[in-house]
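Visitor: For reference, the structure I am asking about is given below.
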Amino acid sequence: MRKLRQEVTVPLSAVVHDVDDIKRQYYQYKGEAIVKALRKNHFEACFVETKEAAAAVLHGLIPDGSIIGVGDSHSFYQLDMEPALLQRGCRLIPNVAALNLHSYNSREYGYVKAPTREQARDILADYLTSDVFILSANAITMEGEIVNVDGVGNRIAGSLYGADRIIVVVGVNKIVQNEAEARSRIANLAAPMNKIKYGEVCASVLSGRCAKCASEERFCNITTILHKRPIESDFHVVVVGEELGF
């Protein structure tokens, strides 16, 4: 065994950096850069460091007593805003209660059905024409584009037209460089994790990569890319310096 030619007196602790702080600063730089790109594309956009700060921004964007359509978004769920919104007289409609004819008649697990089809139609109408519609993004590019892929389409439908105000809440983990990376992220990460969320296992989950399947149960059926803010829309994007959702 070799001996040291010169004793080292510098402990490793002297050169260790705070990894969490480095990530925080990196996320801030990246988040602020993407906000600039989003604003260039005419979206209202802001960056906040934490979930708590994001919740405060959303409270400022949601009027008291609002009907809120909620596209299935664990990014939004992680903000834990429901109790406070209910106290403010808001009514929240989850995607599983906003049913079209097919889903109302479906026996698939997860739907919360109104007693009658007519009542279900009223809930669906309120969902799609809500005062505020909230969702996340499957990916958001450094070019300021918002990319989403749906299996059913209720989340995407609510995010495009009908609501008075649309809010996208997105964590920094969903930021990618361009559309190609967005599609890759969705196919190989977001879609498989959403399958697991619903207690399902598909070829993409088992193989760790998109199998380009032809299954009737596949989630990757509808893709939307918002290149710019839709005309005459009140569209807000809140970028959060934490990992949120899938």
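Visitor: If you count only protein heavy atoms with a 1.4 Å probe, what accessible area per residue comes out for segment 27-95, rounded to a whole Å²?
Guide: Details: 3390 Å² over 69 residues.
Here the per-residue accessible area is 49 Å².
Visitor: Still on this structure: Please report the orientation-averaged projected area of segment 109-245, defined via the convex hull of its C-alpha atoms, in nm².
Guide: Details: hull surface 36.9 nm².
Average projection, Cα convex hull of segment 109-245: 9.2 nm².
Visitor: Where the Cα atoms of segment 1-55 are projected onto their three principal axes, how long is each span, largest first, in whole Å?
Guide: Here the Cα extents, ordered largest to smallest, are 64, 24, 17 Å.
Visitor: For segment 114-246, calculate the relative contact order in percent as a whole number, restricting contacts to Cα pairs under 8 Å that are 6 or more residues apart.
Guide: On the way: 209 pairs, mean separation 45.7, N = 133.
Over segment 114-246, the number comes to 34 percent.
Visitor: Find the percent of Cα-Cα distances in segment 125-184 that exceed 15 Å, and round it to a whole number. Spell out each step's value before the answer.
Guide: On the way: 894 of 1770 pairs.
In whole percent, the long-distance tail amounts to 51.
Visitor: So, one more: Using the Kirkwood formula on the Cα atoms of segment 69-190, what hydrodynamic radius do you get, in angstrom to one decimal? Before the final figure, lay out each step's value.
Guide: Values: mean 1/r = 0.0648 Å⁻¹.
About 15.4 Å, per the Kirkwood formula over Cα pairs.
Visitor: Would segment 139-218 count as rounded, prolate or oblate if I go by the C-alpha gyration tensor, calling it rounded below 1.5 in a/c and otherwise prolate when a/b exceeds b/c, oblate otherwise?
Guide: Values: a/c = 2.18, a/b = 1.37, b/c = 1.59.
It is oblate, given that a/c is not under 1.5 and a/b is not larger than b/c.
Visitor: Moving on. Can you give the relative contact order of segment 78-135 as a percent, counting alpha carbon pairs under 8 Å and 6+ residues apart?
Guide: Relative CO of segment 78-135 lands at 32 percent.
Visitor: Taking Cα atoms, how many degrees apart are the long axis of helix 51-61 and the longest axis of the chain, rounded to 10 and kept between 0 and 90?
Guide: 40 degrees
Visitor: How far apart, in nanometres, would the label points at residue 24 and residue 87 be if each is projected 7 angstrom from Cα along the Cα-to-Cβ direction?
Guide: Taking the two extended label points, one gets 2.6 nm.
Visitor: With Cβ to Cβ distances under 13 Å as the rule, what net charge do the other residues near residue 228 carry (K, R +1; D, E -1)? Write out the running numbers ahead of the final one.
Guide: Working: positive: 39, 40, 229; negative: 44, 143, 145, 232.
Local net charge: -1.
Visitor: Just the accessible area per residue of segment 110-246, please: how many Å² with a 1.4 Å probe?
Guide: Numbers: 6640 Å² over 137 residues.
Heavy-atom accessible area per residue stands at 49 Å².
Visitor: Which distance in Å, rounded to a whole number, links the C-alpha centroids of segment 1-46 and segment 84-136?
Guide: 42 Å
Visitor: When the Karplus curve 6.51 cos²θ - 1.76 cosθ + 1.60 is applied with θ = phi - 60°, which whole-Hz ³J(HN,Hα) does each residue of segment 67-75 get, with x for Gly and Pro?
Guide: Per-residue couplings from phi come out as 8, 10, x, 10, x, 3, 9, 6, 4 Hz.
Visitor: Next question. Name the residues whose placed amide hydrogens come within less than 5 Å of the amide hydrogen of residue 99, ignoring near sequence neighbours (fewer than 5 apart) on the same chain.
Guide: The answer is 124.
Visitor: Taking the Cα centre of the chain as origin, sum charge times position over the Cβ atoms of Lys and Arg (+1) and Asp and Glu (-1), and report the length of that vector in debye to the nearest 20.
Guide: Values: 28 positive and 30 negative charges, 180 e Å.
Around 860 debye, computed over the chain.
Visitor: D for the chain, whole µm²/s, Stokes-Einstein with Kirkwood Rh over alpha-carbon pairs at 25 °C and 0.890 mPa s: what number? Please list the in-between numbers first.
Guide: Numbers: Rh = 19.7 Å.
Roughly 125 µm²/s, to the nearest whole number.
Visitor: Continuing with this model, one more query. With every protein chain present, what accessible area does residue 193 have (1.4 Å probe, heavy atoms only), rounded to the nearest 10 Å²?
Guide: For residue 193, the solvent-accessible surface is approximately 80 Å².
Visitor: While we're on this one: Measure off, as a whole percent, the carbon and sulfur share of the 1.4 Å-probe accessible area of the chain, all protein chains present.
Guide: Looking at the chain in its full context, I get 54 percent from C and S.
Visitor: Let me check something: with ligands and nucleic acids excluded, how do 21, 150 order by accessible area (1.4 Å probe), largest to smallest?
Guide: The residues order as 21, 150, largest area first.
Visitor: Residue farthest toward the positive end of the dipole of the chain, with Cβ of Lys/Arg at +1 and Asp/Glu at -1: which of 221, 13, 241?
Guide: My answer, from the dipole projection, is 13.
Visitor: Here's another thing I want to ask about it. Can you give the log10 of the normalised intensity I(q)/I(0) at q = 0.20, 0.33 Å⁻¹, computed with Debye over equal Cα scatterers of segment 64-111?
Guide: The computed values of log10 I(q)/I(0) come out as -0.74, -1.20.
Visitor: Given Cα pairs under 8 Å that are at least 6 residues apart, what percent is the relative contact order of the chain? Before the final figure, lay out the partial values.
Guide: Numbers: 427 pairs, mean separation 65.3, N = 246.
Dividing the mean separation by the residue count of the chain yields 27 percent.
The values are calculated or read from the model by the stated rules, or taken from the named source; none is laboratory data. The structure displayed is predicted, hence computed values, not measured ones. Positions of Cβ are generated from backbone atoms using ideal geometry, with glycine treated the same way; all protein chains shown enter the neighbour counts. Side chains included, ligands, DNA and RNA excluded: accessible areas come from the protein's heavy atoms. Shrake-Rupley method; radii C 1.70, N 1.55, O 1.52, S 1.80 Å.
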